[in-house]
Structure formats: C-alpha cells, structure tokens
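Everything below concerns the one structure shown next.
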Amino acid sequence: MKLNAEFVTSVSRWGDLRAEGRPEIALLGRSNVGKSSLINALTERRNLAKTSSTPGKTQLLNYFRIDDAFYLVDMPGYGYAKAAKTSRIEWAKLSQDYLKKSENLRLVLLLIDSRHPGIASDDAAIEWLSEAGIPTYVALTKIDKIKQQEAAAHEKHLRQHHPELAGIFRTSSETGRGVKQLRSFVGSQEWVSFQTNPTHTI
Ligand SMILES: Nc1nc2c(ncn2[C@@H]2O[C@H](COP(=O)(O)OP(=O)(O)OP(=O)(O)O)[C@@H](O)[C@H]2O)c(=O)[nH]1
Ligand SMILES: [Mg+2]
C-alpha cells in the first residue's frame, strides 16, 4: 500500500475551506505530539508536512490530497502552554469551526504521546469528539521512546476508559513501527462511510 500525496492548500479561516466533496481524515492532538511527522511517515515523504521540535509549528489547516481520492488534514496542536493543565479543551477557533462544520470530515485521528497517557486535555478532546459525534481513532505516538509493554498497557488503559474510541494504533514515525498498519487502514478507505453527526451545539 502506498499513499501518493500532494500538498494542496493551507487554510486560516473557516470560510476559506474548499468544498470539494472529497472525504477527509483530520489529524488532531497536542502540540508536538507528532501529527506532521506522522503525515510524512504515512506518505513516505520526508518533508511534505513541516515539522519542528518547538511546539506550535502548525498554525493552519493544511490539506494533503491522497491519490486524488481523499484528504489528510494536518491541524494545529492544542494544549500548548497554560491550556495543557486545564481539563477543558481550549483550541483555536479555526480548529473548532472545522470540526463542527466540515461536511467532508469522516474521521479524526487523535494523536496521543505514548509516554504521557491520561493528560487532561487529551481526555477532554476524546470526550468533545464523542459528544460531537465524530468517529475517532487514536494513534499512540513516539513508541520508539518506551518499552512495548508500557505501550500495550497504555493502550489497554485507553480502551477501558474510553470505550467510545473506534480503534487504537501504536506508531513511531522515527522507526516506522506501526505505520504500515495505519497506512493500510487509511488507504483502505473503509472510513469513508463513517457517519459524523455535527451537532452545532458544542
Ligand atoms: N522519537 C520520536 N520523535 C518524534 C516522532 N514523531 C515526531 N517526533 C518529533 O517530535 C517533534 C514534533 O513533531 P511534529 O510532527 O512537528 O509535531 P506536531 O504534532 O505536528 O506539532 P505542532 O505542529 O506544533 O502541533 C519533532 O521534533 C519530531 O521529530 C516519533 O515517532 N518518535
Ligand atoms: Mg504540526
């Protein structure tokens, strides 16, 4: 399975979004969790999405078209600085507008750092997405940094506490571990028929 990717556009306001009708997977997660790196790993392109060791690199919605069939949307991170400690989810208006209003969004891939399970803002994000009726898979990232057993324990913990999650992957963009499985899932497009229920009330 190969995902042929092409950068299409960066969007800074909701009104700028292109209503093209192709289905979208959005990559969401705390700043620095590895969203842009995972897009590069999935598409086997070193610098397609811009990455940085400094949190807050991605500030716009960046659209990558895959095989002329669907989009991966790289989102700005949440939980950077003070907001990380609160249990309420505080994210940019752009991200909120997108998640609430996009008609093409089928699935959120929520990235959680495998070294730091149970962060309040991540739990809040899962709950927010669940209430919004948006199907959510988790990718536990940077698993090259921890022992496999630990990663397995974190995955189990997540499953127990968040039965609403549709699935969990464990990935390392550094070593490529788990990326093939996630790529197969994304490329299979089985998620295209997922139903999202934007409530417009959150
Ligand atoms: N060890 C390791 N480092 C990683 C992995 N994925 C990403 N990183 C590093 O983590 C840092 C942040 O990666 P990004 O992909 O820019 O993170 P992001 O989630 O897009 O960050 P924002 O755009 O700021 O929200 C970079 O220094 C990456 O090299 C991984 O799987 N393993
Ligand atoms: Mg980024």
Helical contribution to [θ] at 222 nm, DSSP H n ≥ 4, -39,500 (n - 2.57), averaged over the chain, rounded to 500: -8000 deg cm²/dmol
If r is the Cβ-Cβ distance from GLU164 to GLU6 and R0 is 45 Å, what FRET efficiency results, to the nearest 0.05? 0.85
Could you state the number of Å between the C-alpha centres of the range 1-77 and the range 157-177? 19 Å
Using the 10 angstrom Cβ neighbour count as an exposure proxy, how do VAL186, VAL8, VAL179, VAL108 rank, fewest first? VAL8, VAL179, VAL186, VAL108
Convex hull volume of the range 5-193 per residue (C-alpha atoms, cubic angstrom): 108 Å³
In bins 10 Å wide, starting from 0, what share of all Cα pairs of the range 105-194 does each bin hold, as a percent? 16, 51, 31, 2
Inter-site label distance for LYS180 and ASN47 at 7 Å from Cα along Cβ, in nm: 2.8 nm
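None of the figures in this text is laboratory data; all of them are computed from the coordinates on show. The model shown is predicted, which means the values in this text are computed figures rather than measured ones. Heads up, the Cβs are rebuilt from the backbone with ideal geometry, glycines too, and the neighbour counts pull from every protein chain shown.
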